[in-house]
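Before any comments, here is the structure.
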Amino acid sequence: MNDLREIIESTWENRELLKQSNSQEAIRAVIELLDKGQIRVAEPITDGWQVNEWVKKAVLMYFPIQTMETIEAGPFEFHDKIPLKRNFAEQGVRVVPHALARYGSYLAKGVILMPSYTNIGAYVDEGTMVDTWATVGSCAQVGKHVHLSGGVGLGGVLEPVQAAPVIIEDGAFIGSRSILVEGCRIGKEAVIGANVCITGSTKIIDVTGSEPKEYKGYVPPRSVVIPGSYTKQFAAGSYQVPCALIIGQRKESTDLKTSLNDALRENEVAV
């Protein structure tokens with residue numbers, strides 16, 4: 001792995017090396033490892049998450065060494081540089097027409113793809129549901145037993161290479177039409193209500209205590225979140241600015257489905 005990393009870093013610094021076969025082979029080897037889930041663009045560590053910038057560099061350099069090709073699937077025709085994933089039955093992944101997953105993304109056993117899109121570099125762990133018209137952007141990291149409801153958009157991130165991808169941790173529930181971008185992180189078993197929009201700079205305000213507590217780009221584990229707004233003063237006057245409100249906590253339970261239903265019911269969260 002260190003040898004691959006050295007070649008990728010050298011090629012990144014000197015793009016003339018992209019013409020050499022050993023650089024191209026190293027880049028393609030990294031994409032294959034991503035496709036198999038043997039390496040990740042970001043991975044959990046003891047005190048958070050580590051972004052593997054060199055892997056993102058390999059993804060970025062994969063595009064210029066690829067040639068445009070026509071891809072046919074029954075009556076459908078595509079013209080692109082990146083092939084689609086294959087052999088879903090062997091991987092234990094259920095794929096409903098017209099779900100698409102690009103080569104270089106990883107789908108673990110038990111993943112269900114309703115008609116949706118998963119981009120290169122993404123990692124989707126065991127038992128996760130990607131519901132209808134949801135988008136898992138480039139390099140997004142999705143944990144085990146997550147539910148991405150209909151129309152959810154997880155933003156992609158390739159450049160700048162030091163930027164963190166969107167991260168959805170194990171057991172989280174993301175409500176329909178929610179938009180999560182700019183490297184925001186959703187903690188384990190959090191419940192995000194419908195139409196919540198969280199960017200890297202969105203205020204996430206915990207209003208469950210006597211005083212508000214503010215986060216940015218991070219939703220703590222088991223939080224129940226809905227769309228909100230706060231008043232901000234501008235030169236032209238005071239206006240309402242979108243934010244996200246933490247209005248409750250999903251209870252710890254060995255039965256996560258029961259816990260989720262309780263959280264949705266008790267907090268009247270639209271999903």
*Helix-only mean residue ellipticity at 222 nm for the chain, each DSSP H run of n ≥ 4 adding -39500 (n - 2.57), per residue, nearest 500*: -6000 deg cm²/dmol
_Label-to-label distance, nm, for residues given as LYS213 and TYR230 (7 Å Cα→Cβ offset)_ = 1.5
_Accessible surface ranking that places the most exposed of ASP3, ASP125, ASP262 first, with a 1.4 angstrom probe_ = ASP3, ASP262, ASP125
*So what are the ³J(HN,Hα) numbers for the stretch 125-135, from phi and the Karplus equation (6.51, -1.76, 1.60; θ = phi - 60°), rounded to whole Hz, Gly and Pro as x?*
8, 3, x, 7, 9, 9, 7, 4, 6, 6, 10
_Under 5 Å, built H, 5+ apart or other chain: amide partners of LYS203_ = ALA244
*What nm value, rounded to one decimal, do you get for the distance between ALA73 and TYR239 when each label is placed 7 Å out toward the C-beta?*
4.1
*asked:* Quick check: the distance between the Cα centres of the stretch 174-252 and the stretch 41-79, to the nearest angstrom?
replied: 30
*Of the listed pairs LYS57/LYS188; LYS57/LYS85; LYS81/LYS109; LYS56/LYS81, which have alpha-carbon separations greater than 23 Å here?*
LYS57/LYS188; LYS81/LYS109
_Within the chain, which is the longest segment that contains none of the GluC sites (Glu not before Pro) sitting in a DSSP loop with at most 14 other Cβ atoms within 10 Å?_
1-251
*asked:* About the Cα centre, and with charges only on the beta carbon of Lys, Arg (+1) and Asp, Glu (-1), how big is the dipole of the stretch 17-162? Nearest 20 debye, please.
replied: 100
*asked:* Give me the net charge for the shell around PRO212: Cβ to Cβ below 10 angstrom, other residues only, Lys and Arg +1, Asp and Glu -1.
replied: -1
*How far, in nm, would the chain grow between TYR103 and ASN2 when pulled straight, counting 0.36 nm per residue and subtracting the alpha carbon separation?*
34.1 nm
_Gain on full stretching of the segment that runs from ARG86 to TRP49 - 0.36 nm per residue minus C-alpha separation_ = 10.4 nm
*Cut-off 12 Å between beta-carbons: net charge of the residues surrounding THR67, Lys and Arg +1, Asp and Glu -1*: -1
_Bridge type composition, the chain - antiparallel percent by DSSP, nearest 5_ = 40
*Options VAL55, THR67, GLY92, ranked by Cα towards positive dipole end of the stretch 54-97, top entry (Cβ charges)*: VAL55
*asked:* Suppose all protein chains stay in the model; what accessible area per residue would a 1.4 Å probe give for the stretch 67-199, in Å²?
replied: 41
*Which order do TRP12, TRP133 take by accessible area at a 1.4 Å probe, largest first?*
TRP133, TRP12
*Quick one: pull the percentage of alpha-carbon pairs in the chain with a separation above 32 Å.*
28
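The values are calculated or read from the model by the stated rules, or taken from the named source; none is laboratory data. In this text, all values refer to a predicted model and were calculated from it rather than measured experimentally. Cβ coordinates were reconstructed from backbone atoms using ideal geometry, including for glycine residues, and neighbour counts include every protein chain displayed. Quick note on the areas: whole protein, heavy atoms, side chains included, nothing else; ligands and nucleic acids left out. Shrake-Rupley method; radii C 1.70, N 1.55, O 1.52, S 1.80 Å.
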